[in-house]
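Report on the structure given below.
The values are calculated or read from the model by the stated rules, or taken from the named source; none is laboratory data. All of these numbers come straight from a predicted model, not from anything done at the bench. Neighbour counts are summed over all protein chains in view; Cβ atoms, including those assigned to glycine, are modelled from backbone coordinates with ideal geometry.
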Amino acid sequence: MLSLENIYEDLKNMIGKENVSISIFDRINYALDPMPYDLAENEIPYVVVKPANAKEVSEVLKYANKNKVPVWVHGSGTALHGATRPKRNCIVLSTSRMTDVKIYEDRGYLECGPGIRVLDLSTMLDKRGYFLPLMPGSRMVATVGGGISVNTSGHLIDSCFGKPIDYVLGLEVVLPTGEIIETGTKALRRPSGLDLTRIFAGAEGLLGVITKVRLRLVPKPGDEAQGVAFFKGCLPIAKAIVRMYMEKALPPLFCELLDETCVEISFGMRGLEAPEGSAVVMLKTTGYRPGEAKWKLEKIFSAFQKENPIEMRIVDDLHEWEEIWSCREVIYPTLIQKKGPAIIGEVAPSLPKLPDAMAEVLELPKKMETVKNPEMYLYGHIGAPTMHPHFVVPAHLSNEERRRFVREVRTKTEELNIRYEGAGGEWGMSFQRIDFIKRKYGETYYNILLGLKKLLDPNNILNQGNIEGW
């Protein structure tokens, strides 16, 4: 078996000393994720490598296959379902050096490395009059490669702008065995029929390492409108969202929820006024003609009105809107800072069942066993619809109790996804959600995934443990 020194020396000779680290600080830093329990010794990587391109990634993967050393692909490590933490001692392959961006306006697309941060790419495009249809809550640090690998649109409502895969024209991918392949097209019309692009986008790094992304350019809507609607609790909001769709109001760009306690905390911190005891929906609509966005927002408010909101209004002052929006955008870190570590669930029910699912989510604390009646906050992309119950992890819990609590939250929220005909639409489906896949789709479905993994990764090198689950 290779020693740590052997691995370090071999990788250093491949991609340069400055791009390989065995510092314990780096090794722990690249293994940490948002999970509220400690790293185990077997989760700490041997080494962290930062290849610059597909060729260097290929060399690392060929070496790993030859020596049967697992490799863990790392973007920014912000996923909330435990999939970004290594499950074995391994080589962590960071995409942080692959940040090149080339914008081909004459061709209608851009090409970028997977390590470019979502916010950075979005800012570049905005300056040229384009819109990036990728908006995770962690976009200040999240990478484009991570977003494509999970196929998450984040805050954006799928029925408005779709998923990232709808804009991916092609990929450069290094297979687990080291071969480099290109998928897709350089034409604006995506391939019909068989197209491996759709296999690798959303595969969570299990089937290959994405080293280049080709994205269609989307002209930025020139018209925007923002608004807030306050309701007496979350259940009327769920009913209002159903009305929005049933009355054929065009879906907003995003439509976000904060429950009563989240409103009290976040609005109070910023000195913003809100009706006492109210939950809030924050919406943004867009359009390509003057007045189009406000017209869409008014149609949505017309549907909402039938569920008796306390207050609804369009927010024309952009400074005020930024203050209001920041209440939702940073609610997760705000609660972590004020209340301590947490475990977050994801419940994404079918539209007709949203009110019933909401009612059950609100009752979840009473059903918990590891922690009796835990402190819970509720927020999410309610227009999608997705709800994120946020459970505070009590400080007195042992590490093992924290693991049990995480598992219980995941189990109970996934039970709701099964009962209410949904699935996770944001975080990916591996590791903590493998039990859900088996229950919802069956063993045949799961065995197809295992077979695909075995075909492309015969030595189970990439992200080992994630497809097996916990």
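Hey, among I210, I199, which residue is in contact (Cβ under 8 Å) with a residue 40 or more places away in the chain and surrounded by fewer than 17 Cβ atoms within 10 Å (Cβ to Cβ)?
Values: I210 fails: surrounded by fewer than 17 Cβ atoms within 10 Å (Cβ to Cβ).
After applying the criteria, what remains is I199.
Which is without any contact (Cβ under 8 Å) to a residue 40 or more places away in the chain and outside the structural domain of V174 (by TED's automatic domain parsing), of K87, K66, K50? Steps first, please.
Details: K87 fails: without any contact (Cβ under 8 Å) to a residue 40 or more places away in the chain; K50 fails: without any contact (Cβ under 8 Å) to a residue 40 or more places away in the chain.
Being without any contact (Cβ under 8 Å) to a residue 40 or more places away in the chain and outside the structural domain of V174 (by TED's automatic domain parsing) holds for just one of K87, K66, K50, which is K66.
Output the number of residues of the stretch 23-55 satisfying the condition of being of a type outside the set (D, E) and in a helix (DSSP H, G or I).
Let us first name the residues in the stretch 23-55 that are of a type outside the set (D, E), namely 23-25, 27-32, 34-37, 39-40, 42, 44-55.
Imposing the further condition that a residue be in a helix (DSSP H, G or I) reduces the set to 24-25, 27-29, 42, 54-55.
Summing the residues that are of a type outside the set (D, E) and in a helix (DSSP H, G or I) in the stretch 23-55 gives 8.
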Practice problem: Check the stretch 73-84 and report whether any residue there is more than 20 Å from A142 (Cα to Cα), crowded, with 22+ Cβ neighbours inside 10 Å and in contact (Cβ under 8 Å) with a residue 60 or more places away in the chain. | Solution: no
Quiz item: Taking the stretch 246-271 only, how many residues are farther than 21 Å from P385 by Cβ and exposed (fewer than 15 other Cβ atoms within 10 Å of the Cβ)?
Solution: 4
Self-check item: Listing of helices (runs of 4 or more DSSP H) fully contained in the stretch 111-163 that carry 1 or more residues being under 26 Å from V174 (Cα atoms) and in contact with an Asp or Glu (Cβ under 7 Å, 6 or more places away or on another chain)
Solution: 144-150
Quiz item: Just checking, how many residues over the stretch 1-22 are surrounded by 12 or more Cβ atoms within 10 Å (Cβ to Cβ), free of Cβ contacts under 8 Å to residues at least 40 places away in the same chain and part of a loop (DSSP other than H, G, I, E, B)?
Solution: 2
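Any chance the stretch 371-390 includes a residue that's assigned to a strand (DSSP E or B), over 24 Å from the mean Cα position of the chain (by Cα) and not charged (D, E, K, R)?
Step one: list which residues in the stretch 371-390 are assigned to a strand (DSSP E or B), which gives 376-380, 387-390.
Add one more test, that the residue is over 24 Å from the mean Cα position of the chain (by Cα), and what stays is none.
Taking every residue of the stretch 371-390 in turn, none turns out to be assigned to a strand (DSSP E or B), over 24 Å from the mean Cα position of the chain (by Cα) and not charged (D, E, K, R).
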Quiz item: Only one residue in I148, I116, I181 is under 17 Å from N463 (Cα atoms), out of contact with any His (no Cβ under 8 Å at 6 or more places or on another chain) and at pLDDT 95 or above, so which one is that?
Solution: I148
Practice problem: Mind listing whichever residues of the stretch 427-445 are surrounded by fewer than 17 Cβ atoms within 10 Å (Cβ to Cβ) and of a type outside the set (K, R)? | Solution: D435, Y441, G442, E443, T444, Y445
Quiz item: So, in the stretch 283-320, of the ones that are in a helix (DSSP H, G or I) and in contact with a helix residue (DSSP H, G or I) (Cβ under 7 Å, 6 or more places away or on another chain), which residue ends up surrounded by the fewest Cβ atoms within 10 Å (Cβ to Cβ)?
Solution: K306
Quiz item: In this structure, does P176 turn out to be part of a loop (DSSP other than H, G, I, E, B), crowded, with 20+ Cβ neighbours inside 10 Å and over 18 Å from the mean Cα position of the chain (by Cα)?
Solution: yes
Quiz item: Hey, among A225, A238, which residue is of a type in the set (A, V, I, L, M, F, W, C) and either assigned to a helix (DSSP H, G or I) or in contact with a Cys (Cβ under 9 Å, 6 or more places away or on another chain) (or both)?
Solution: A238
Exercise. Under 6 Å between Cβ atoms, at least 6 apart or on separate chains: pull out the pairs that start in the stretch 111-129 with a residue that is under 11 Å from V213 (Cβ atoms) and end on any residue that is surrounded by 16 or more Cβ atoms within 10 Å (Cβ to Cβ) and of a type in the set (G, A, S).
Key: P114/G145; G115/S96
Quiz item: Any idea which of (1) surrounded by 21 or more Cβ atoms within 10 Å (Cβ to Cβ); (2) under 24 Å from the mean Cα position of the chain (by Cα); (3) part of a helix (DSSP H, G or I); (4) among the hydrophobic types (A, V, I, L, M, F, W, C) is the one L61 doesn't satisfy?
Solution: (2)
